[in-house]
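Here is the structure we will look at, set down as structure tokens.
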Amino acid sequence: MRSYREVLRQYWGYDDFRGIQREIIESIGNGHDTLGLMPTGGGKSITFQVPALCSEGTCIVITPLIALMKDQVQNLRRHGIRAAAIYSGLSREEIIITLENCIFGDIKILYVSPERLSSEIFRTKLRHMKVSFITVDEAHCISQWGYDFRPSYLQIADIRKDLPHAPVLALTATATPQVVEDIQDKLSSGQETFNVFKMSFERKNLAYVVRRATDKREELIHILNSVKGCAIVYARSRRRTKEVSDMLNEAGISATFYHAGLDSTVKDERQKDWQNDKVRVMVATNAFGMGIDKPDVRLVLHIDCPDSLEAYFQEAGRAGRDGRKAYAVLLYNEADRRKLDKRISDTFPEKDYIRKVYEHLAYFYEVGIGSGYHATFEFNIDDFCHKFRHFPIQVDSALKILNRAGYIEYTEEQDNQARVMFTVSRNDLYRLENNTPNEEKVITALLRNYGGLFVDYNFIDESFIASQCGLQPQQVYLILKSLGQKHILHFIPQKKTPYVRYLQRREDPEHIQIMPAVYEERKEQFRLRIHAMIDYATNDTICRSRQLLRYFGEEDSHDCKQCDVCLSQNHGKTRESTMTAEAKAILTLLSDGKPHHITELRDIQLPTDSLNAALDYLFKEEHIHMEDGFITSV
């Protein structure tokens with residue numbers, strides 16, 4: 001059998017492994033459950049791709065990132081490695097062919113989304129496969145204490161029962177000590193403990209900066225003009241990405257924007273333009289970045305504050321992967337603190353509100369108490385909120401909590417909803433005269449219920465529009481297609497609809513039990529993550545790098561000497577060291593905090609020239625204030 005180094009050299013052209021790659025590869029290659037903690041850009045994919053090629057059978061890689069799995073499959077195939085992926089969007093026939101190829105030994109690496117693990121086809125075919133080992137990418141998603149917990153990841157434990165002899169390799173770039181422990185607990189087979197390998201999360205070439213900014217847009221332009229090179233700007237909302245991108249272009253900085261709501265061809269085109277340096281700045285939501293291999297990003301800016309240090313660290317870490325100097329800048333002001341605090345109540349609404357949503361859900365579907373067991377319904381959140389006067393963010397949060405409590409199964413497919421954007425201006429739209437009455441009704445309903453349709457795509461609900469217009473959803477679909485053919489708007493039809501499935505018979509709302517593990521404990525963890533983010537943004541006394549490393553359990557850290565805190569403190573030390581003995585004597589006199597008349601300085605008994613020079617220095621460096629012959633310490 002070829003050695004790991006031979007495989008590395010043959011397929012990737014590297015002479016040797018770096019960091020903890022070798023230790024992880026040897027551990028999983030020897031059949032041990034293994035956990036690898038590696039920072040963004042640390043070379044995670046090598047740790048499962050190399051041993052997969054050196055082992056008999058198929059390596060199954062579980063990852064939530066469809067764009068990443070497609071990308072990696074293409075790259076592996078270009079290297080002559082037999083790889084495939086199963087994800088939503090493939091036909092049943094395509095899935096069966098791929099799985100049977102694995103059974104026959106034609107596939108070495110199979111990427112699977114976690115949602116696929118519960119599929120009966122997948123589970124049936126899996127039992128006939130020879131699986132070398134299971135790789136769990138983004139392993140923090142399995143932890144209820146992780147910042148990006150996904151219930152579908154919990155099904156991995158069931159997969160292990162079907163494959164008792166296949167070891168597990170869990171990989172993550174962001175995990176606190178508590179999450180590391182929880183990952184092992186959730187993935188453990190009970191037979192042996194995990195071998196844990198941790199690479200320091202320190203990035204010596206990356207300078208972390210927090211900039212207090214009342215006017216964030218002005219500060220953003222200033223920083224981009226000061227630091228040359230490729231950049232990513234992260235924004236909280238889809239609409240904001242377009243606004244910031246337009247603002248930068250108007251300022252003479254080439255930019256484009258990216259979010260999950262864009263058509264896949266548009267996303268691919270914009271990503272390529274940015275990667276090929278046709279556009280300097282990518283303004284994006286957190287949908288952008290995973291698996292993007294662009295090593296020369298010099299600057300990552302956050303114009304909005306993320307929910308957690310895990311998310312911030314991962315996104316900031318996309319700067320400077322080439323090892324050269326790079327910057328991660330967070331723009332922050334007091335409005336961010338208020339917004340972050342509000343996210344706590346939005347994500348964990350009051351229990352009585354959650355029960356109210358559960359009750360309204362039953363009214364919405366006309367499900368009586370004691371009935372509805374395993375009933376499945378399409379869920380139109382716009383229609384639901386309109387009917388019961390709720391806000392979508394709180395409803396979405398309430399349904400997720402009811403899902404975790406075991407009352408319903410709530411599956412989001414928001415990214416696959418229908419999307420619309422007008423291709424004519426508002427004025428031109430009003431001048432059109434050849435539309436049918438039903439077309440006019442649909443146009444009016446769109447304008448009344450959805451904003452920003454002239455500047456960007458917006459998700460729409462055809463059933464909701466149909467109810468507003470007195471039409472059938474199929475009629476609305478055909479009308480939107482017709483308006484698209486007339487070049488009045490661009491219509492992207494929906495692919496899937498979110499759904500709600502009752503896992504229990506409908507209860508009286510008063511009997512709904514929301515346990516502490518589902519609500520109070522998770523709310524407290526979320527609150528702690530939010531406040532850790534706020535603490536990082538507002539703590540101007542401890543090195544930024546040291547703050548981040550301590551959060552991830554690295555107590556033995558040191559000052560980076562390049563973040564804004566370190567530079568500020570070093571500047572203060574430099575000023576102190578250049579201070580003359582005469583200046584220090586003056587400050588000692590003023591240390592009582594009272595104003596002193598300039599004549600009192602004679603008591604120090606200094607030559608006049610030395611006294612004047614010391615006063616000039618202290619005034620220039622803003623150590624003292626002088627007015628009407630009196631001096632005070634600043």
Stretched out fully, how many nm does the piece from His558 to Thr632 gain, at 0.36 nm a residue minus the Cα gap?
22.9 nm
Helix 473-485 vs. the chain, principal-axis angle (Cα, 0 to 90°, nearest 10)
60 degrees
How would the stretch 461-573 be classified by its alpha-carbon gyration tensor: rounded, prolate or oblate, with rounded meaning a/c under 1.5 and the a/b versus b/c comparison settling the rest?
oblate
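Pull out the extension gain between Glu520 and Gln474, defined as 0.36 nm times the separation in residues minus the alpha carbon to alpha carbon distance; nm, one decimal. Before the final figure, lay out each step's value.
Details: separation 46, 0.36 × 46 = 16.56 nm, distance 4.35 nm.
Going from the current span to full extension adds 12.2 nm.
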For the residue pair Glu350 and Ala335, what label-to-label distance in nm results when each label sits 7 Å from Cα along the Cα-to-beta-carbon direction?
2.9 nm
The chain: antiparallel DSSP beta bridges as a percent of all, rounded to 5
30 percent
Dipole moment magnitude, nearest 20 debye, the chain about Cα centre, only Lys, Arg, Asp, Glu C-beta charged:
1520 debye
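With all protein chains present and a 1.4 Å probe, how do Glu243, Glu138 order by accessible area, largest first?
Values: Glu243 85, Glu138 10 Å².
The ranking, largest first, comes out as Glu243, Glu138.
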Using mean Cβ contacts within 10 Å as the protection proxy, how do 209-217, 35-43 order, highest first?
35-43, 209-217
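Order the peptides 268-277, 452-461 from the highest to the lowest mean number of other Cβ atoms within 10 Å of their residues. Don't skip to the end; give the middle numbers.
On the way: 268-277: 15.0, 452-461: 18.6.
Ranking the peptides 268-277, 452-461 by packing returns 452-461, 268-277.
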Compute the angle between helix 44-53 and the longest alpha-carbon principal axis of the chain, please, reported from 0 to 90 degrees and rounded to the nearest 10.
40 degrees
With the 1.4 Å probe rolled over protein heavy atoms, the stretch 305-386 has an accessible area per residue in Å² of 43 Å²
Rounded tilt (10° steps) of 66-78 against the dominant C-alpha axis of the chain
80 degrees
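Can you tell me, using C-alpha contacts under 8 Å and at least 6 residues apart, the relative contact order of the chain as a whole percent? The partial results should precede the final answer.
Details: 985 pairs, mean separation 74.6, N = 634.
About 12 percent, as a whole number.
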For Ile95, net neighbour charge (Lys/Arg +1, Asp/Glu -1) across residues whose Cβ lies under 11 Å away:
0
Additional length obtainable on full extension of the chain from His165 to Thr538, 0.36 nm per residue less Cα span:
129.4 nm
Option label - semi-axes √(5λ) of the Cα gyration tensor in Å computed here, alternatives (i) 45, 31, 28; (ii) 49, 35, 21; (iii) 49, 35, 26:
(iii)
Modelling each spin label as a point 7 Å along the Cα-to-Cβ direction, I'd like the Arg431/Ser371 distance in nm, to one decimal.
5.6 nm
Which aspartates and glutamates have a Cα less than 14 Å from the Cα of Lys325, not counting those fewer than 8 places away in the same chain?
Glu202, Asp296
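Percent of accessible area on the chain owned by carbon and sulfur, 1.4 Å probe? Don't jump to the answer; show the numbers that get you there.
Details: 14260 of 30180 Å².
In the chain, the share of accessible area belonging to carbon and sulfur is 47 percent.
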Rolling a 1.4 Å sphere over the protein heavy atoms, what is the accessible area per residue of the stretch 77-199, to the nearest Å²?
45 Å²
Label model pair Leu589, Arg448: point-to-point distance (7 angstrom along the Cα→beta-carbon line) in nm is 7.9 nm
Relative contact order, percent, of the stretch 1-126 when contacts are C-alpha pairs under 8 Å separated by at least 6 residues?
24 percent
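What net charge is computed for the residues neighbouring Thr172, neighbours being all others with C-beta under 12 Å from the C-beta of Thr172, Lys and Arg scored +1, Asp and Glu -1?
Numbers: positive: Lys44, Lys198; negative: Asp137, Glu138, Asp148, Asp182, Glu310.
Once positives and negatives cancel, what remains is -3.
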Among the listed pairs Lys242/Lys356; Lys228/Lys400; Lys70/Lys278; Lys130/Lys400; Lys125/Lys481, give every one whose C-alpha distance is greater than 31 Å.
Lys242/Lys356; Lys228/Lys400; Lys130/Lys400; Lys125/Lys481
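The values are calculated or read from the model by the stated rules, or taken from the named source; none is laboratory data. Remember, predicted model here, so these are calculated numbers, not experimental data. Backbone-built Cβ (ideal geometry, glycine too); neighbour counts: all protein chains shown. Protein only, heavy atoms only, side chains kept; ligands, DNA and RNA dropped before computing areas. Shrake-Rupley method; radii C 1.70, N 1.55, O 1.52, S 1.80 Å.
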